1. With the checklist (1) buried (at least 21 other Cβ atoms within 10 Å of the Cβ); (2) out of contact with any Asp or Glu (no Cβ under 6 Å at 6 or more places or on another chain); (3) assigned to a strand (DSSP E or B) in hand, flag the one item residue 184 doesn't pass.
2. Which one is modelled with the highest pLDDT, of the residues in region 87-138 that are surrounded by fewer than 19 Cβ atoms within 10 Å (Cβ to Cβ) and of a type in the set (Gly, Ala, Ser)?
3. Among the candidates 584, 531, which residue alone is of a type in the set (A, V, I, L, M, F, W, C), more than 23 Å from residue 141 (Cβ to Cβ), out of contact with any Lys or Arg (no Cβ under 8 Å at 6 or more places or on another chain) and at pLDDT 80 or above?
4. Looking for whichever is loosely packed, with under 14 Cβ neighbours inside 10 Å and closer than 17 Å to residue 272 by Cα here; the options are 206, 222. Which one fits?
5. Taking the conditions exactly as written (open to solvent by less than 30 Å² (accessible area, probe 1.4 Å), of a type outside the set (Gly, Ala, Ser) and assigned to a loop (DSSP other than H, G, I, E, B)), does residue 293 satisfy them or not?
6. Taking residue 197 as meeting all but one of (1) closer than 30 Å to residue 38 by Cα; (2) open to solvent by less than 30 Å² (accessible area, probe 1.4 Å); (3) touching a strand residue (DSSP E or B) at 6+ places or on another chain (Cβ under 7 Å), write down the number of the exception.
7. Buried (at least 20 other Cβ atoms within 10 Å of the Cβ), more than 27 Å from residue 146 (Cα to Cα) and within 19 Å of the chain's Cα centre (by Cα), is that true of residue 246?
Amino acid sequence: MGKKGKKEKKGRGAEKTAAKMEKKVSKRSRKEEEDLEALIAHFQTLDAKKTQVTETPCSPPSPRLNASLSAHPEKDELILFGGEYFNGQKTFMYNELYIYGIRKDTWTKVDIPGPPPRRCAHQAVVVPQGGGQLWIFGGEFASPDGEQFYHYKDLWVLHLATKTWEQIRSTGGPSGRSGHRMVAWKRQLILFGGFHESTRDYIYYSDVYTFSLDTFLWSKLSPSGPGPTPRSGCLMAVTPQGSIAIYGGYSKQRVKKDVDKGIQHSDMFLLKPEEGGEGKWTWARVNPSGVKPTARSGFSVAVAPNHQILLFGGVCDEEEEESLEGLFFSDLYVYDAARSRWFAAQLKGPKSEKKKRRRGKVEEHEGATEEDNRATSAPEPLEVIKEVVAEDGTMITIKQVLAPSGLVVRPQPKAEDGAPEASSTGQEPCPRSSAMLAVKHGLLYVYGGMFEAGDRQVTLSDLYCLDLHKMEEWKTLVEMDPKSQEWLEETDSEEDSSSDEEGAEGGGDDQEEDSTEDSAEEGEDPQHPEVAPGEQYAEYLSRTEEHWLKLARNHVGPDAKEKKVFKVAQAMARTFFDDAGQGVAQAKH
């Protein structure tokens, strides 16, 4: 009894510490989030101009990471939403919606009225109800300089059948966060972990929430048993047995003042529903056998048709006192929940190559049992180094570590018809983290992500697929040459950088197109009072204050304090005034 009481007291103490830290982070970040709310509200006024659904055939989306890629539950389509891009000077945020048609290998940009604000590091879950629904929770909006963050706590649903966005307003849900994970379990959404960061503080979460798709109500769970420590970016997937697996993830801890240490977790837990206990869950730590993934964060996760859980890529940060260097991966691991075992997925190679092998070797390889495979001595890890020369002559080195040979994923029945005609060049995705993963008709799709080369961050826009039934080779659907990646050196000069609005608007080709279009629309937009020639900001604000206060109230809600409404209104007016001034200056030149 004494030990149990001690543990419970310790647990309550940890909860109090976490609550205090969250309050501290929330207080310090409130000011910067108010500043960002004005920028977010400004973009929402631009989005409000969309009054009807438009579908435009387009080229593949611009480079991005931390977006969401989801398989349509009924159609042969993949759905890409949101994400971010950094070009060395500016951070660009997205709320674009793209549809990839698998059969025709085509991209379509879909503009739908009233979309969620721009964000990255959110979670998206598809459920089959009502012709298909895409549920999105949370994520973050970063300022163009990448120094400030706004963490969302909103819940949205995209009705795929009618192509309409709807914000679901329900109290009692998780606090604002990004890097969390969410899955569909029966007729519920279950959410775990994530983090909230301000300029000076951060907090990581290990809480669990459920959202009922029937009642539209949030509930916070209190599972029994020791569970995972707070973390973000972990693996979260439903097992065939109905439990929820949590693996790995990332968190930071403060070593001393202004010094933090990153932690790449490699532990695994199962969140199990208790028999006969409605809404009661329990944590259980598990230690799977097999070939486990090496330590990493930023990996991507999907579930195969046979309910095996796939883990792709990621980065292992090697921290020194004054530097942080990342080792990026492109390997694929499989977790078999039925046997609680990890496998390093091995590709067999195209059939034409297999025929060249000696028959005995093939039979020996394919006829071996799992025990035989485990008994054979595994080779040492293989390091592959690819060098790419950038346009400015910089040598970019991409290092890839292939894990020791494990078990080949067992072939499954043939894939359904309708797979795209892809180029078969023998190429495979280069090492990367924060990529988007989805599975449809037994094909694994990998889109985008990023890797670092020295001080440069290369953001990707390529698309690959792998037939999980055949496990022969990766096929390239969209190619990208890393040498073509835009990269601007950091500068302290405001003259050399674009406006904050442009920075958060978009990136790549789409960025230029959208920014030009939005700027043109702003100049003609009758919703906002025009700036008179030679008018100063104070004069403009005095003349148009009621207009901006009304917009701000609509954005922050009727329950917001007047002080906050006034701050948001001022920031919105300032953004519009500055943009109008830049437009005039550009016209003169």
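1. Of the numbered conditions (1) buried (at least 21 other Cβ atoms within 10 Å of the Cβ); (2) out of contact with any Asp or Glu (no Cβ under 6 Å at 6 or more places or on another chain); (3) assigned to a strand (DSSP E or B), the odd one out for residue 184 is (1).
2. In this case the residue turns out to be 101.
3. Values: 584 fails: at pLDDT 80 or above.
Only one candidate qualifies: 531.
4. Values: 206 fails: loosely packed, with under 14 Cβ neighbours inside 10 Å.
Going through 206, 222 in turn, the sole match is 222.
5. On the way: open to solvent by less than 30 Å² (accessible area, probe 1.4 Å): yes; of a type outside the set (Gly, Ala, Ser): yes; assigned to a loop (DSSP other than H, G, I, E, B): yes.
So residue 293 fits the description; yes.
6. (2)
7. Values: buried (at least 20 other Cβ atoms within 10 Å of the Cβ): yes; more than 27 Å from residue 146 (Cα to Cα): yes; within 19 Å of the chain's Cα centre (by Cα): yes.
Answer is yes for this residue.
For every residue, the table says whether it meets (1) closer than 16 Å to residue 60 by Cα; (2) of a type in the set (A, V, I, L, M, F, W, C); (3) modelled with pLDDT under 95; (4) open to solvent by 10 Å² or more (accessible area, probe 1.4 Å).
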| residue | (1), (2), (3), (4) |
| --- | --- |
| 425 | no, no, yes, yes |
| 428 | no, no, yes, yes |
| 434 | no, no, no, yes |
| 446 | yes, yes, no, no |
| 452 | no, no, yes, yes |
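The values are calculated or read from the model by the stated rules, or taken from the named source; none is laboratory data. Everything numeric here is computed off the predicted structure, so don't read it as measured data. Positions of Cβ are backbone-derived with ideal geometry, glycine not excepted, and every protein chain shown enters the neighbour counts. The protein model used for the area step is the full one, side chains on, heavy atoms only, and it has no ligands, DNA or RNA in it. Shrake-Rupley method; radii C 1.70, N 1.55, O 1.52, S 1.80 Å.
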